[in-house]
Amino acid sequence: MELELSPLKLPGIDPKRPIVIAGPCSAETEEQVMTTATQLCKKGIKIFRAGIWKPRTKPGGFEGVGTVGLPWMNRVQQELGMLVATEVATPKHVEAALEAGIDILWVGARTVANPFAMQELADSLRGTDVPVLVKNPVNPDLELWIGALERINGAGVKRLGVIHRGFSSYDKKIYRNLPMWHIPIELRRRIPALPIFGDPSHIGGKRELIAPLCQQAMDLGFEGLVVESHCNPDSAWSDASQQVTPEVLDFILDKLVIRNITQSTESLEALRRQIDECDNSLLELLAKRMRVSREIGQYKREHNMTVVQTDRYNEILDKRGAQGVLCGMDGDFVKTIFEAIHEESVRQQIDVMNK
Ligand code: PEP
Ligand code: MN
């Protein structure tokens, strides 16, 4: 299904990259909301975010203030002239948020992973033209992400955007949620008109990673950023370790290098031609390697040998992985490539052996 999109066109917002949405993970008190929003406003931030309803991994945590927080968001609109955004996860949230005149809604990662919940949300949005930002689902499934967009778009919502917040994993050594940049990049290739916001706070899970992740999002040509910012981060009721003060946020944004997306220079074209040549050579070499594989398959067939010889396979993976590292590449990346090559090689050999 093709999405029918119209530009986000947020009133009073310059579409210049990056469009910044900032504010605390959660609205906690009226004072915290107003203090944070005022400080952000002074730094030139025009869109304020705060979670009113919070999906929490375990029960017993702070689950958001609920509807009592909506009038606080209204004060931010009226007294500071900012647009306000909040997360909706159920039709009740949608109804309350629209009733309160919230300017932008976003759908959280856990909700996007659930097609039933997404369809109910979509149905509750029918007939409105509020902009909706759809976070990536917690699991790295691009089709599920696109499916969620299709459901909302199918209900007639045309002002859509997405938020890349990373993907859940058991390994949290560096990131709270793995960025897996190839997924938003593929989304951009599939649906070029869809604005992408980077969410460095939920990817990184820690303050130190906000700046580099913002820069990476800009380097990939994302349109915007959603950053968690709190007037007193250490005392935040949720996601304390990943929030920065408006002061720090301003410093980070100020240092961002915003590269031009459209301007393509001659030297860039020349470099791209080199890439094309490399890709051609890669394919020719791969085809040659597969021809050799088929010959090996023929040999194994004649000598009644098994296709996969584990020792040889491990030797290739280890040797090439180490060689890749010496060439300045990631060892796991090289191993992944050789695993894929080996898989195709095995397929070709089996083909020969069963001829
Ligand atoms: C949030 O933005 O505060 C949030 C709950 O994010 P996510 O759905 O990405 O976990
Ligand atoms: Mn959060």
Backbone N under 18 Å from the R312 label point (7 Å along Cα→Cβ), restricted to the stretch 328-355: 338-355
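Can you tell me the length gained on complete extension of the stretch V68 to S281, counting 0.36 nm per residue apart and subtracting the Cα distance? Don't skip to the answer; put the middle values down first.
Details: separation 213, 0.36 × 213 = 76.68 nm, distance 6.26 nm.
So the extension gain works out to 70.4 nm.
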Top positive-direction residue, dipole computed over the stretch 19-254 with Cβ charges, set A148, Q77, H230: A148
Förster radius 25 Å - calculated FRET efficiency between S6 and E99 (Cβ-Cβ, nearest 0.05): 0.55
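Using a Förster distance of 56 angstrom, determine the FRET efficiency expected from the C-beta separation of K92 and D14, and round it to 0.05. It would help to have the intermediate numbers written out before the result.
Details: r = 34 Å, r/R0 = 0.61.
My answer for the efficiency is 0.95.
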Karplus 3J(HN,Hα) series, Hz, for the stretch 100-107 with 6.51 cos²θ - 1.76 cosθ + 1.60 (x for Gly, Pro): 7, x, 4, 7, 9, 10, 10, 10
Set K255/K335; K42/K173; K173/K335 screened for pairs whose C-alpha atoms are more than 32 Å apart: K255/K335; K42/K173
The stretch 127-135 - phi-based ³J(HN,Hα) in whole Hz, Karplus 6.51/-1.76/1.60, Gly and Pro as x: x, 9, 10, 5, x, 10, 9, 9, 6
Förster-model FRET efficiency, 30 Å R0, I174 and E79, C-beta, rounded to 0.05: 0.15
Straight-distance crosslink candidates among lysines, where the alpha carbon sits under 25 Å from K92 and sequence neighbours closer than 8 are dropped: K54, K58, K135, K158
Computed Rg/Rh of the stretch 199-270, alpha carbon atoms with Kirkwood Rh: 1.11
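Find how much the distance from D254 to Q298 grows on full extension, using 0.36 nm per residue of separation minus their present alpha carbon separation; answer in nm with one decimal.
Numbers: separation 44, 0.36 × 44 = 15.84 nm, distance 6.26 nm.
Taking 0.36 nm per residue and subtracting the Cα distance, the gain is 9.6 nm.
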Where labels lie 7 Å past Cα in the beta-carbon direction, separation of E266 and D141 in nm: 5.0 nm
Inter-centroid distance (Cα atoms) of the stretch 145-169 relative to the stretch 237-259, Å: 25 Å
Proximal aspartates and glutamates relative to K16, as straight alpha-carbon distance under 20 Å, when same-chain residues fewer than 8 apart are discounted: D103, D199, D219, E223, D250, D254
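For every helix of n ≥ 4 consecutive DSSP H residues, a contribution of -39,500 (n - 2.57) applies; sum these over the chain, divide by its total residues, and give [θ] at 222 nm rounded to the nearest 500 deg cm²/dmol.
Helix-only estimate at 222 nm: -15500 deg cm²/dmol.
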Karplus 3J(HN,Hα) series, Hz, for the stretch 318-323 with 6.51 cos²θ - 1.76 cosθ + 1.60 (x for Gly, Pro): 5, 5, 6, x, 5, 5
Ascending count of other beta-carbon atoms within 10 Å, so fewest first, for T36, T57, T67: T57, T67, T36
Choice from V307, V88, V257 with maximal GNM fluctuation in the chain (Cα, 10 Å cutoff): V307
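Under the rule a/c < 1.5 gives rounded, and otherwise a/b versus b/c splits prolate from oblate, where does the stretch 266-353 land using the Cα gyration tensor?
Numbers: a/c = 3.78, a/b = 1.69, b/c = 2.24.
Verdict is oblate for the stretch 266-353.
We did not get these values from a lab; they are worked out from the coordinates using the rules stated. Just so it is clear, the model here is predicted, and its values are computed rather than measured. In this analysis, Cβ positions are derived from the backbone assuming ideal geometry, glycine residues included, and neighbour counts consider all displayed protein chains.
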